[in-house]
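> This is the structure I have questions about; it appears just below.
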Amino acid sequence: MFAIAQSGLIREVVAAMQAFTGLGSFDPVPSVEQSKAVSITVGRKSPEAEFSGALISPGASLPDEVLVDWESLSAAGFAAGVGQTLILPQAERPTLVLVGAGPGSDLDADKLRDAAAAFARATESSGNLELAIPDTGGVTPAVAAQVVVEGVLLARYRFDALKEGPTVTPITSLNLVVEGRRSAATKRGAAKGKTMSEATQMARDLANSPPAYLTASRIAQVAVDIGPGRGLTIEVFDKDQLVEMGCGGLLGVNAGSSEPPRMVKLIYKPAKPRGHLTLVGKGIMYDAGGIAVKPGDAVHATMKNDMSGAAAILAAMSELASLGCRAAVTGYLMCTDNLPSGTAIAMGDVLKVRGGKTVEVANTDAEGRLVMADALVLAAEEGTDAIIDIATLTGAAMRALGTQVAGVIGNNAQMIEQVESAAAATGESVWELPLEHRYRGELNSDVADIKNLGGPNAGAITAALFLEEFVAGLPWAHIDIAGTAQNDRDTSWRPPGCTGFGARLLIELALNFSRPRA
C-alpha cells in the first residue's frame, strides 16, 4: 500500500531540503545499530571492566575492596543516598564506584533505576562497566536486573547523529555481578531491560530528529524498513488513499504543508492472540500552530517532538515479537506537519473526519485531536477490545502535572488501571484526570457537529472529551504526554531532549493486556 506521489513543486522542495541537510545520509534511528553492539553479561567480576560499581545502602556491609569504614566514607561526604556516587581508584584493579541506593527498607525498582543511572553518569569516560547487584529483598532479581540495565543504557543516551562525534562514551559492555542462585533470573531481567531500553532509545531518536530530516513520508519509510524484520505488517496510506478514505482530519491539518501526509498502520498478530489492543499516535512532525502560529519563543525549537506519541508506538511495537507479546496489537501513526501557508485551514473552517462527523476548527493549533479522530474511527470500525491513544496534546496537562507526570483520561476504569499499572512498572508516571462530561457543552458548535476547542479552562479534559466522540463507546484511554515528552535538564536516566516517554509503558501495557469486562 506504500505509494509516493509528489507534484513537481514538492519534488523541488524535497530536493532542496536534501541538499542543505544531507538527508540522504541521515539515519533517523542510529541507536538501533548501537544497541546491537552492547554486550550484557551476568556472572563474576571481570578484570576487563574499567569501572566496577557496587550498590550500597547506608550502614550496609561494604565490599572487600573498600579499605575504609563508614565513618571515613561519611567524612568524605558519602551517605549512600539514592544516586550519590563515590569513586575510589584501585591499584591494578578496575576503578571502584560506590553507588548509593538509599535505605534498604525503601529500595524499589525506581530507586534502583536511578542509582544505576547515577553509576553510568559517574563513569562517562568508559564504555566497559560492571555493577554488583545485592540481594534486593522486595525487588525480584529479574526486575532488579531489568531496571539496572535500563538505568545504565538510558542515562548514557545522547542524540549525536548530527555531530562529528559522540558527546559521551557509548556503552559497549555491562557485566552484572550477582550470586549464582540469582543468575538465571538476572539474565532474563537483563535481556528485557536491554529490549525496553532499545525501544525508548528508538523513540528518542525519532523525536529528536529535526523536522527537515524526519518528514511524514520519512517516518513511514522507517516503519517499512524495520517493521517486517520485527514481526510487524506495515501498511502506509498516501494522500490519495486518505482522500478516498475520507480522513478529513489528517488531510485538513496537512493542507498548509508542502510535505504530503502519511497514515502508517502497524499490525502485530501472534498465533492465538489473547485480546486485541489498538494504539493511536499523534504524529505531527513539526507543529508551528498552523494559521494560529505559536509565539516566537523557545517552544518552536521543541515542536519537532510533537510526533512523540507516534514515535512511542512505532518503537514499542517493534519490540513486541522479541518479548513474546500474546495480545494482537494494531497501531496507527497519524503523520503530517502543521504549518501556515496560503493553503492552510483557517479558524472557522469545517472539516469532515472519517465517519462523517463535521468539526469546526476553532483553533488550528488544536490539531492533534483532528488527526487522531480519523484513526479512532478506523480503529472502532475494524473492531478491537480497547483503544489507547498517546499524544503531546495539551499545554493544560503540562500545567497541571508538570514535566514528570503524564495525564491519563478514559471511559473505562479497567483500562485506566492497566495504564497505571504499566506506568508504575516502568517509572513513566501517569495521573488520572476526570473525564468530566459537564464540560462537554464547551465543544458545541453552531455550524458543525463539534468544534475542536473548548473554553480557556480544563483544556486537557475538553481535549479528551473531543477524542471520546470518535471511539464508538469502546473501552478507551488517552495519555497526554505534552509535559513528559521533553526534558530540559539532565536528570537521572532522562538526558536533555526528547525522552521517549511512553515506549516502555506501551510495551508493558501490551505484554499484560487483558480484555476489559463490559
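The values are calculated or read from the model by the stated rules, or taken from the named source; none is laboratory data. The structure displayed is predicted, hence computed values, not measured ones. Because the Cβ atoms are built from the backbone with ideal geometry, glycine has one as well, and the counts that use them run over all protein chains shown. Just so you know, the surface numbers come from the protein's heavy atoms only, side chains and all, with ligands and any DNA or RNA stripped out. Shrake-Rupley method; radii C 1.70, N 1.55, O 1.52, S 1.80 Å.
> Over the stretch 212-371, what per residue volume does the convex hull of the Cα atoms give, in whole Å³?
115
> Could you give the length gained on full extension between ASP106 and ASP69, defined as 0.36 nm per residue of separation minus the Cα-Cα distance, in nm?
Extending this stretch completely gives an extra 11.0 nm.
> Something else about it: Amide H to amide H under 5 Å from VAL97: which residues, 5+ apart in sequence or cross-chain, H placed 1.01 Å off N in plane?
SER52, GLY53, ALA54, LEU88
> Set Lys and Arg Cβ to +1 and Asp and Glu Cβ to -1, take the dipole of the chain about its Cα centre, and tell me which of VAL280, SER322, VAL371 lies farthest positive.
SER322
> Check each of the trypsin sites (Lys or Arg not before Pro) in the stretch 320-402 and keep only those in coil by DSSP with at most 16 other C-beta atoms within 10 angstrom; list them in order.
Answer by residue number: ARG326.
> Using +1 on the beta carbon of Lys and Arg, -1 on that of Asp and Glu, and nothing else charged, what's the dipole of the chain about the Cα centre, debye to 20?
So the dipole magnitude of the chain works out to roughly 980 debye.
> Run the numbers on the chain and let me know its relative contact order in percent, using alpha-carbon pairs under 8 Å that are six or more apart.
This gives 15 percent for the chain.
> Compute the Rg to Rh ratio over the stretch 91-232 from the alpha carbon atoms, using the Kirkwood formula for Rh, and round to two decimal places.
Reported Rg/Rh, Kirkwood definition of Rh: 1.04.
> Using the crude model of +1 on Lys and Arg Cβ and -1 on Asp and Glu Cβ, and no other charge, please compute the dipole size for the stretch 298-418 relative to its Cα centre, in debye to 20.
Around 120 debye, computed over the stretch 298-418.
> Can you tell me the accessible area per residue over the chain, all protein chains present, probe 1.4 angstrom, in square angstrom?
With all protein chains present, the chain gives 39 Å² per residue.
> Determine, from the Cβ-Cβ distance of LYS163 and GLU124 and an R0 of 22 Å, the FRET efficiency 1/(1 + (r/R0)^6), rounded to the nearest 0.05.
The computed FRET efficiency comes out at 0.90.
> Can you tell me what percent of all Cα-Cα pairs in the stretch 371-518 are more than 18 Å apart?
Within the stretch 371-518, distances greater than 18 Å cover 58 percent of Cα pairs.
> Have a look at the DSSP beta bridges in the chain and tell me what percent are antiparallel, nearest 5.
35
> Can you give the Kirkwood hydrodynamic radius for the stretch 75-166, in Å, rounded to one decimal and based on Cα pairs?
14.1
> Return the loop-located chymotrypsin sites (Phe, Trp or Tyr not before Pro) in the stretch 440-518 (DSSP other than H, G, I, E, B) with at most 13 other Cβ atoms within 10 Å of their own Cβ; answer none if there are none.
Here no loop site has a sparse enough neighbourhood.
> Tell me, which longest segment in the chain has none of the GluC sites (Glu not before Pro) that fall in DSSP loops with at most 14 further Cβ atoms within 10 Å?
The longest uninterrupted stretch comes out as 180-435.
> Is there a quick way to get the dipole size of the stretch 90-210? I mean about its Cα centre, with the Cβ of Lys and Arg at +1 and of Asp and Glu at -1; what is the value in debye to the nearest 20?
For the stretch 90-210, the charge dipole is close to 260 debye.
> Sort the following peptides by mean Cβ neighbour count (other Cβ atoms within 10 Å, averaged over residues), highest first: 37-45, 167-175.
By packing density, highest mean first, the sequence is 167-175, 37-45.
> Return the sequence-ordered ³J(HN,Hα) values of the stretch 322-336 in whole Hz as given by the Karplus equation 6.51 cos²θ - 1.76 cosθ + 1.60 applied to θ = phi - 60°, using x for Gly and Pro.
Once θ is set to phi - 60°, the couplings for the stretch 322-336 become 5, 9, x, 4, 9, 8, 6, 10, 10, x, 10, 9, 9, 10, 5 Hz.
> Okay, moving on. Note down the relative contact order for the stretch 434-518 as a percent, whole number, built from C-alpha pairs under 8 angstrom at least six residues apart.
Relative contact order comes out at 17 percent.
> Ignoring ligands, DNA and RNA, please state the percent of accessible area on the chain from carbon and sulfur, probe 1.4 Å.
Solvent-exposed carbon and sulfur of the chain make up 52 percent of the total.
> Over the chain, with a single point scatterer placed on each C-alpha, what log10 of the ratio I(q)/I(0) does the Debye formula yield at q = 0.06, 0.12 1/Å?
Debye intensities relative to I(0), on a log10 scale: -0.29, -1.05.
> Round to the nearest 10 and give me the degree value, 0 to 90, for the angle of helix 368-382's Cα axis relative to the longest principal axis of the chain.
The angle comes out near 90 degrees.
> Working from Cα positions, state the angle (0 to 90°, nearest 10) between the long axis of helix 459-468 and the longest principal axis of the chain.
Computed tilt is about 70 degrees.
> Follow-up. Can you give me the Rg/Rh ratio for the stretch 276-329, using Cα atoms for both radii and the Kirkwood formula for Rh?
1.19
> Calculate one ³J(HN,Hα) per residue across the stretch 91-107 by plugging θ = phi - 60° into the Karplus curve 6.51 cos²θ - 1.76 cosθ + 1.60, and present them in order as whole Hz with x for glycine and proline.
Once rounded to whole Hz, the list reads 6, 6, 9, x, 4, 8, 10, 7, 10, x, 10, x, x, x, 5, 9, 5.
> Let me ask something else about it. Measure nothing but the geometry: give the 0 to 90° angle between the long axis through the Cα atoms of 308-317 and the longest principal axis through the Cα atoms of the chain, rounded to 10°.
Taking the Cα atoms of the chain, the angle to 308-317 is about 60 degrees.
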